[in-house]
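Below is the structure I would like to discuss, written out as C-alpha cells.
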Amino acid sequence: MSDARRPTVQSATHTGGGLDRTARTIMASPVAKVFAFNGCWICPMCSGVFGAITSSQSNWMERAIIHLKTDCPSIRSGERIPKVAPEVMKKNALPQAVRISYAATPYWKCRDHIGNWYCPYCLGGGIRVSGSSPFAAQEIESIIDHILRCASFANGSGKPKTQAQIKQAIDQSNARLERQVRLILSNPASKIFSFDTFWICPMCVEIQPGITADLVNWVEMAAQHLRHACEPVKEGQLAPKLPPYQMKKNVLEQGLRYAIPSMPLYRFRDQSGRWYCPYCTHNAVKVSPADAPLTPADIEVIAHHVQHCFYFDGGRGVAKPIALLEDLVRQANTKLDASQDLRGRLRDDPVWRVRDRNGCWVCPYCRKPVLAVSFQPLRAEDAVDDVSQHLLKHCDGYRRKVQPARDVSELTVLEEKTQVVARTVADEKTEMIQVDRKIYEMMVRMAKDHVISKSDTQSEMEGMLVSAQKTQMKMLPKAPHLPGFEIDVLYRPSQQLSGDFYDFIQNADGTTGFLIADVSGHGIDAALVMGMAKKVISMAGRMQSDPKGVLTYSNEVIRPDLDRGTFITACYGVLHADQRLFRFASAGHNPVLLYNPVRGDLPVAMRPAGIALGIADGAQMESTLEQMEFTLLPGDIVLQYTDGVVEQTNPAGEMLQIEGLMEILRANADRDIRHLLNAVDDALTRFRGAKPQEDDVTVVCFRVQ
Ligand SMILES: [Zn+2]
Ligand SMILES: [Zn+2]
Ligand SMILES: [Zn+2]
Ligand SMILES: [Zn+2]
Ligand SMILES: [Zn+2]
C-alpha cells in the first residue's frame, strides 16, 4: 500500500456518498460487465465470482453495486481502479465458476450403478465415486479437476449436456451392467458355495458374508454384490476367470473362519474344552469349554487344525456324521465326570488311598498294588490318569465288576500276598566317593576333542559328523555275557548323532550295572553331553553299587557343565546275580518294565520317584530320588527303554505309549531276548508306517534263566 493512496481510503470510509460514486464509476467501465461461462458476474476489483449475480437477472447491476459498496475486499482496502483485463478475468474465474455450477446443478452429480460419475460435457470422465451424492470431498475435487481439463468443456466455451442426455447415458450403462450381471449369474461358476454354505463371487473370488445358500433371495443378493460392490466387474471384467475347484481352494481359509463359528459341524467340544475335529475326530485342539462361546483365538486354532487336517484334505474330505461326533463328546464328558469322581475318591476316600510298603497304590477292585501309580506323595491330581488307565485297561477286578473293597483292612491284609516283592531303600545312607575334579574336566575335554574339529566346508562337516557318529557308536558297548542271564540291547539313533546312551558296568564284586539315559535334544550338543555324561555315570557305577548314589553323584558332577534347559533322564539298575536281586533308581526316566507270565497276565511298570539329572543341586537331587528293588524269579524279563520308543507316533498322530510297548513285550515274551528286541524294532517300524523315526530308540533288556 502506497502513501499516496491513504487519504483516499480515509475519505471513502467517511462518506457513503463517495463510495456510491466510486461503485457507479467502476460499473461504468466495460470490465464490470464480464461474466463467467455460466453467466456468473465476475467482480473486476476482487475477481470474485458470484452465483447470485448473473447476467440473466435484470437487476444484476444493482446487486453488483451492493457488492462493491459493502463486501468487496479490494474496495475496502482502498483500491479504486480495475487492474485485470477481461480475458484474464474470465480465465481466472473458471475454477470458482465450475464449483458454483457443480453445487447448483443436481444432474452434474449423477452416477450409474457401478459408481461411474458422468461428466456433463463429455459424458465420461473416468471418475469412480464410492456412493451417491454428496460425494466425498476428494471425489468432488477430482470432478472439478476433470471439468476444468475436459476437452468438451473447452475452458467454458463448450456446451453442457442436458439432464435428459445424462440420464439416458446412465440408463444405457445400467442396462449394460444388468445384462452382464445376469450373464455372470447364469454361469455355473456363480453357484459355488464354500462349505456348501457361503456364496463365492466368481468374479472377485471372495466369500460374501451374508450371502448363504439357505437364503431364498441369495441370487438377488449376489446380483446386488456384482452390481455395486464387485471390483473386477467395475474394472470391466466380463466373465469368471477361475474354475470352481480353484475358487473353492482360494477361499478355503476365509470359508473356515465363517464356517467354524456358524456351522453345527464345528461345534463339538467336551466339558474340558477339547474340540473334536469333524474330519479326523481327534480332540487335540484345546479351546474354551463347551458352554462358552468360541473366541477369535479359538477359531484361529481350530482353523489351523482343519487346514492341516489329513482327513479334511484341503476341503475334499468328508465330515463324520453328526451322530458320531455327538457320541464322542458324550463319551468324553462321561469320562470327564468319571475322572472328576475318581479324583474325589483318591483325595478323600481312605479305601482309595491305600498304599503298600513300597508306596504303591493298592487298587480297591483287584486288591493288588499297582506299581504304575507309585507316586510320592499320593496326589489325586497326578494319580487320576494312571488309576483310570489301570481300571479301564488292566484291572481284572474292575473288568469282572467285582465289588470294590469297602474297608481299608480288606486291602492291607492282601498286601502281604503281593507277588512283586519290592523294597524301598530310600533311607539307606549313600556314601559319596569324591573324585578329583580335574579328572572329570579332562574327560570333558577329551569328549569334545573327539567330536569337534575346526572345519569350514560342508563335506568336512559331514565327514566330521560321520566320524563323530563312529566315535559315539564305539562308546556304546555290546551286551555282556553273564551266566544265568540273557542280556541284549536295541539301539537305533534317529539322527547321525544321538542323545540316547546306555552302558553295562561289570564290577569285581559280581554285580552288573545297567545304565540307560537320554539327553534332551539331538545333534552335536546332545552328543557332546552324552559322551561326557556316559563317562561320568559309568565311572560312578564302577565306584559304587548303590543306584541312588550313582545318580546323585553323577548329577553333582555333570550339572555344572550342562547348559540351562539341558537335562538327562537316566535309569540306573544294579543286578546282584548272586542274590537274584535287581535294585534301581531313576532320574526322571521312563519306568522299568517287569514281565513274567507266572507273576501276572500283564507287565508291571515300576517308576521310582526322581527328577532328571542337571536340574537340582546335590541335596535336593538326593531327596527326590527313590530306590526300588525286587527279587528276581526265573523267567523274569526286565526291560529299560527311552521315550523314543513310547512317544513314536503313527500316521494318525497317536503315540505308541507304554501300553503299546507292554503289549509287544507280552506278545513276544516266549522268544529269546535277541528276537524279542527284533520284534520291538519291527513293531515300531510297522507302527510308525510312513512316518519317520522321531527320536532315538534304545531298549536294554535281560531275562533270568
Ligand atoms: Zn469484489
Ligand atoms: Zn468431461
Ligand atoms: Zn465379487
Ligand atoms: Zn482333523
Ligand atoms: Zn485293579
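How large is the convex hull of the Cα atoms of segment 495-573 per residue, expressed in Å³ as a whole number?
Values: hull volume 6.0 nm³, N = 79.
Normalising the Cα hull of segment 495-573 by residue number yields 76 Å³.
Starting from the Cα gyration tensor of segment 569-614, multiply each eigenvalue by 5, take the square root, and state the resulting semi-axes largest first in whole Å.
Details: eigenvalues 96, 47, 7 Å².
Semi-axis lengths for segment 569-614 are 22, 15, 6 Å.
What full-extension length gain, to one decimal in nm, is calculated for Lys401 and Leu581 as 0.36 nm per residue of separation minus the Cα-Cα distance? Can you show the working numbers first?
Working: separation 180, 0.36 × 180 = 64.80 nm, distance 3.59 nm.
Between Lys401 and Leu581, full extension yields an extra 61.2 nm.
I need the phi-derived Karplus couplings for segment 341-350: 6.51 cos²θ - 1.76 cosθ + 1.60, θ = phi - 60°, integer Hz, Gly and Pro marked x.
Rounded to whole hertz, the list is 4, 4, 4, x, 5, 4, 8, 10, 8, x.
Under a 5 Å amide H to amide H cut-off, with H placed in plane at 1.01 Å, what residues pair with Glu206 once short-range neighbours are removed?
HN-HN under 5 Å from Glu206: Cys201.
Using a Förster radius of 56 Å, what is the FRET efficiency between Asp327 and Ala508 based on their Cβ-Cβ separation? Nearest 0.05, please. Present the calculation step by step, with values, prior to reporting the outcome.
Details: r = 63 Å, r/R0 = 1.13.
Approximately 0.35, to the nearest 0.05.
In addition: Within segment 80-110, list the residues whose amide N lies under 19 Å from a label point set 7 Å along Cα→Cβ of Ala151.
Under 19 Å, as judged by backbone N against the label point of Ala151, lies no residue of segment 80-110.
While we're on this one: How high is the FRET efficiency from Ala239 to Ile81, r the C-beta distance, R0 41 Å, rounded to 0.05?
Details: r = 67 Å, r/R0 = 1.64.
Plugging the Cβ-Cβ distance into 1/(1 + (r/R0)^6) gives 0.05.
As an exercise, take the mean of 1/r over every pair of distinct alpha carbons in the chain, invert it, and state the Kirkwood radius in angstroms.
For the chain, inverting the mean 1/r across all distinct Cα pairs yields 34.4 Å.
Give me, ordered by chain and number, the residues 5 or more places off Asp500 or on other chains with an amide H under 5 Å from its own placed amide H.
Here Val519 satisfy the definition.
Kirkwood Rh, Cα Rg: Rg to Rh for segment 257-326? Please report the intermediate quantities before stating the final value.
Details: Rg = 10.9 Å, Rh = 11.9 Å.
Rounded to two decimals, Rg over Rh is 0.92.
Could I ask something else about it? How long is segment 187-250 along each principal axis, judged by its Cα atoms, biggest number first, in Å?
So the extents along the principal axes, rounded to whole Å, are 30, 24, 18.
Just need log10 I(q)/I(0) for segment 561-705 at q = 0.09, 0.10, 0.14 Å⁻¹, Debye formula, equal scatterers on the alpha-carbon atoms, no solvent, rounded to two decimals.
-0.31, -0.38, -0.73
Residue by residue through segment 187-203, what is 3J(HN,Hα) from phi via Karplus (6.51 cos²θ - 1.76 cosθ + 1.60, θ = phi - 60°)? Round to whole Hz and write x for glycine and proline.
6, x, 5, 7, 10, 9, 10, 6, 6, 6, 9, 9, 5, 9, 5, x, 8
What are the ³J(HN,Hα) values, in whole Hz, obtained from phi via the Karplus relation 6.51 cos²θ - 1.76 cosθ + 1.60 with θ = phi - 60°, for each residue of segment 38-49 in sequence order, with x given for Gly and Pro?
So the Karplus estimates, Gly and Pro as x, are 9, x, 7, 6, 10, 5, x, 8, 9, 6, x, 10 Hz.
Now, a different point. Based on DSSP H runs of at least 4 residues, each adding -39500 (n - 2.57), what is the mean residue ellipticity at 222 nm of the chain after dividing by all its residues, to the nearest 500 deg cm²/dmol? It would help to have the intermediate numbers written out before the result.
On the way: 24 runs with 288 residues, N = 705.
Computed mean residue ellipticity for the chain: -12500 deg cm²/dmol.
Let me ask another. Return the long-range amide H neighbours of Ala587 (sequence gap of 5 or more, or a different chain), with a cut-off of under 5 Å between placed amide H atoms.
Here the answer is Ala570, Cys571, Tyr572, since their amide H atoms fall under 5 Å of that of Ala587.
From Cα pairs below 8 angstrom and at least 6 apart in sequence, can you work out the relative contact order of the chain, rounded to a whole percent? Please report the intermediate quantities before stating the final value.
Values: 1140 pairs, mean separation 50.4, N = 705.
Answer for the chain is 7 percent.
Once you keep just the Cα pairs under 8 angstrom separated by 6 or more residues, what percentage relative contact order results for segment 3-102? Walk me through the intermediate numbers first.
Working: 113 pairs, mean separation 31.6, N = 100.
It rounds to 32 percent for segment 3-102.
Among Lys91/Lys159; Lys335/Lys401; Lys478/Lys534; Lys241/Lys320; Lys191/Lys234, which pairs are too far apart, with a Cα-Cα distance over 25 Å? The partial results should precede the final answer.
Details: Lys91/Lys159 17 Å; Lys335/Lys401 18 Å; Lys478/Lys534 15 Å; Lys241/Lys320 33 Å; Lys191/Lys234 21 Å.
Correct reply: Lys241/Lys320.
Sticking with this one: Of the accessible area of the chain, with the probe set at 1.4 angstrom, what percent is carbon plus sulfur? Numbers along the way, then the final one.
Numbers: 18620 of 34930 Å².
The value for the chain is 53 percent carbon and sulfur by accessible area.
Right, next: Which aspartates and glutamates have a Cα less than 15 Å from the Cα of Lys393, not counting those fewer than 8 places away in the same chain?
Straight-distance partners of Lys393: Asp385, Asp601, Glu659, Glu663.
Starting with the highest mean, order 105-118, 606-619, 303-316, 66-79 by the number of other Cβ atoms within 10 Å, averaged over the residues of each peptide. Don't skip to the answer; put the middle values down first.
On the way: 105-118: 18.5, 606-619: 20.5, 303-316: 14.9, 66-79: 16.4.
The most tightly packed comes first, giving 606-619, 105-118, 66-79, 303-316.
Here is a follow-up. Cα to Cα, under 24 Å, and not fewer than 8 places away if on the same chain: which lysines meet these conditions relative to Lys69?
Lys33, Lys83, Lys90
The values are calculated or read from the model by the stated rules, or taken from the named source; none is laboratory data. No experiment lies behind these values; they were computed from the predicted model shown. All Cβ positions, glycine included, derive from the backbone under ideal geometry; neighbour counts span all protein chains shown. What goes into the accessible areas is simple: the full protein's heavy atoms, side chains included, and nothing from ligands, DNA or RNA. Shrake-Rupley method; radii C 1.70, N 1.55, O 1.52, S 1.80 Å.
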